[in-house]
Structures are given as structure tokens and as C-alpha cells.
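Throughout, read-outs are computed from the coordinates displayed, never taken from laboratory work. Keep in mind it's a predicted model, so treat the numbers as computed, not measured. Here the Cβ is made from the backbone with ideal geometry for all residues, glycine too, and neighbour counts use every protein chain on show.
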Amino acid sequence: MADLTDLEARLHAWLVASDFETVPWSTVKAAKAFSSKEKVVSEDDVRHALAALTRKLPQKIQIRYTDGNVHVAAED
């Protein structure tokens, strides 16, 4: 895969395994899911990682805005 950071790689795998195409995306929930006692992942960290994925893996990720919600589709 493209030169992904650890967070970007984990986020991509999580997006592939999740259903954010039909379920609205939540940056807050994503930040909580990737945080641990050792490392807090902020909402900005998640936003930056998601934006980086659209640049680094443009053929594998799609983001759309529908009815006031963000939806994300990703493939391996």
C-alpha cells in the first residue's frame, strides 16, 4: 500500500470492515475507537488521516455527504 502511517493503515482497515456507506460516519467515535491508555487519538488526528487516505488511496476510498451526514466507503 502507499506510504501509510500506522493510524492511516489502521483507519483504512477499519473503514473496509465497517459499514459507513450506509451508517453515518462519526469522527468522535473513530477517535475513541483508536485511542488507548498509551496514546490518545484526537478528532483532528482522525480527520487528517481520513484526508490523507483520499490522497494516498484515491481508488480505494470514497467520501460523500448526504442529508447532513458524511458517508465513507472503502475497499481493500
Two-site label geometry, TRP14 and LYS29: point separation in nm, points 7 Å out along Cα→Cβ: 1.1
If you wrap the chain's Cα atoms in a convex hull and average its projection over all directions, what's the area in nm²? 4.9
Using DSSP to call loops (not H, G, I, E or B), can you name the trypsin sites (Lys or Arg not before Pro) in the chain whose Cβ has at most 11 other Cβ atoms within 10 angstrom? LYS37, LYS39
